[in-house]
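The values are calculated or read from the model by the stated rules, or taken from the named source; none is laboratory data. In this text the structure is predicted, and so the values were computed from the model without any measurement. Note that we place each Cβ from the backbone using ideal geometry, even for glycine, and neighbour counts take in every protein chain shown. Heavy atoms of the whole protein, side chains included, go into the accessibility calculation; ligands, DNA and RNA do not. Shrake-Rupley method; radii C 1.70, N 1.55, O 1.52, S 1.80 Å.
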Amino acid sequence: MQKICLLGSTGSIGINTLNVIRENKHLFQVSCLTVNSKTELLSKQIAEFKPEVVVIRDEKAADNFRKICSSKVEILSGEEGLLNATRDLEYDILVSALVGFAGLAPTIEAIRRKKRIALANKETLVVAGKLITEMANKNGAEIIPVDSEHSAIFQSLVGEHENSIRRIILTASGGPFRHHEISELGKVSVADALNHPNWSMGDKITIDSATMMNKGLEVIEAHWLFNLEADDIEVVVHPQSIIHSMVEFIDGSIKAQLSIPDMKLPIIYALGYPERLKNSFTVTDFTKIGQLTFFEPDFSKFECLKLAYDVLSQGGTAPCILNAANEIAVNKFLTEKIGFLDIPKIINDSLNKIEVVSSPDIETIFDCDRKTREFVELNY
Ligand code: NDP
Ligand code: MG
């Protein structure tokens, strides 16, 4: 029986993870669930999965929940609660599914303890990929990607040598604005941007998909997970989201992983690896899919994708600046304070204004994240 600590249990990945666990209760047991503030759903999850500990990051929500919770579960709160749970609790696998920079610190705690990390929180690798991969290698902590593209590459690499990879091809749906002209993008609404054609996900990653920043973050994530240079990581728009990504080897052969889009698949793979676990989730019917198509991404329309490649070449704290500026800009777009095209503009401005530190330690990364957030909050 594997014990699971699930960070972000009320989110899109969190709920899918619990769907996977529900079908595999003979294999997995929940030891900890964490949320930001959605205690109503948490309450139902506690009743069903009976964790020993829950963490509610929002202190006010935690205080209210303590008053009404009838279960014996231990309730921790705040960022300190998240760190205490990941540092002290007994578990085997950390499912890292908080959104944004907030996922970094608790994921580090689990790596220090040599746990398996089922990593959905790509921002952890974007902001601190060098330190995280070094720490994981040193401690022997496995990082198994949950991001569907990286899971596809990971699965395609089983049994292969690292030095036989020629390049990887990350597929991208292209998001809701694939057919829009640049001139139309300035006017798109929040509802338009949240209307993803293939995936149902949390708001932040859905907006990142609309700007194609998500694919940019994934290029950086792939760089660290698979030890490849930016030139060897290609993005191809594949609107059907059936091929989740591909690896081309030095002999010209290409391996890919395919299925209809369903995050439960990469989650169950990360939890069960190296075993494959039977499930009732997905049937891929190629006769219904009909055709698979591929297009070049438009870097001038989706400037965020280009910016992500740029910061990857630049290195140091540049990806951290990009990530923090993006998080705040996306928030501002979601609350209708800025327009869609202000997102890349704010990131660009932040990269021009904030000094890049070339070989940051972890404190420098936290400092850079804070400074960038302050800069964006103050100026936009
Ligand atoms: P959601 O927004 O749906 O869920 C986020 C979860 O984290 C919720 O449980 C939320 O709690 C909690 N949370 C949010 N902010 C904080 C915070 N500051 N501190 C502590 N907890 C917090 O996100 P997703 O599930 O869509 O995404 C999670 C991660 O997985 C992201 O990094 C994303 O890029 C990645 N990912 C997601 C995919 C998807 O299909 N959704 C696909 C591939 C990667 P509450 O509900 O209380 O607000
Ligand atoms: Mg992805």
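Figures for the structure shown
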read-out	value
Cross-link pairs 114/204; 3/50; 38/115; 337/371 - those with Cα-Cα distance over 18 Å	114/204; 38/115; 337/371
Distant-in-sequence amide H partners of residue 2 (H built 1.01 Å from N, under 5 Å)	28, 29
Phi-based couplings in Hz for segment 2-7 (Karplus 6.51, -1.76, 1.60; Gly and Pro marked x)	9, 8, 10, 9, 10, 8
Helix-derived mean residue ellipticity, 222 nm - over the chain, DSSP H n ≥ 4, -39500 (n - 2.57), to 500	-14500 deg cm²/dmol
Choice from 306, 122, 72 showing the highest fluctuation, given a GNM over the chain with Cα pairs closer than 10 Å	72
For the chain, alpha-carbon Rg and Dmax in angstrom	20.1, 63
Those residues of segment 58-78 whose amide nitrogen sits under 17 Å from the label point placed on residue 47, 7 Å along Cα→Cβ	65-73
Peptide ranges 286-295, 333-342, 136-145, 8-17 listed from the most packed, as the mean C-beta count within 10 angstrom indicates	8-17, 136-145, 333-342, 286-295
Long-range HN-HN contacts of residue 188 with modeled amide H, under 5 Å	340
Span per principal axis, largest first, for the Cα atoms of segment 28-182 (Å)	57, 46, 27
Vicinal HN-Hα couplings computed from phi for segment 181-198 (Karplus, 6.51 cos²θ - 1.76 cosθ + 1.60; Hz; Gly/Pro x)	7, 3, 4, 7, 5, x, 9, 5, 8, 4, 4, 4, 6, 7, 8, 6, x, 10
The chain - percent relative contact order, Cα under 8 Å, separation 6 or more	15
Sequence-separation-based contact order of segment 150-314, relative, with Cα cut under 8 Å and 6+ spacing, percent	33
Chain lengthening between residue 70 and residue 232 when straightened (0.36 nm per residue, less Cα-Cα)	52.9 nm
Filtered GluC sites (Glu not before Pro), segment 1-104: DSSP coil and at most 13 other beta carbons within 10 Å	90
Theoretical FRET efficiency, 1/(1+(r/R0)^6), r = Cβ-Cβ of residue 27 and residue 361, R0 45 Å, to 0.05	0.75
Pairwise FRET efficiency - residue 114 versus residue 288, Cβ, R0 = 45 Å, nearest 0.05	0.55
Note, ³J(HN,Hα) from phi for segment 94-105, Karplus 6.51, -1.76, 1.60, rounded to Hz, x at Gly and Pro	9, 8, 8, 10, 6, 9, x, 4, 4, x, 5, 4
Overall Cα dimensions of segment 296-366 - principal axes, largest extent first, Å	34, 31, 17
Counting DSSP beta bridges with both ends in the chain, the antiparallel % (nearest 5)	25
Chymotrypsin sites (Phe, Trp or Tyr not before Pro) lying in DSSP loop within segment 183-266, provided at most 13 other Cβ fall within 10 Å	none
The chain, dipole about Cα centre (Lys/Arg Cβ +1, Asp/Glu Cβ -1), debye to the nearest 20	1120
In segment 182-221, the trypsin sites (Lys or Arg not before Pro) that fall in loop regions by DSSP, at most 12 other Cβ within 10 Å	187
Carbon + sulfur, % of accessible area of segment 293-351 - ligands and nucleic acids excluded, 1.4 Å	51
Fraction of beta bridges assigned by DSSP in segment 150-314 that are antiparallel (%, nearest 5)	65
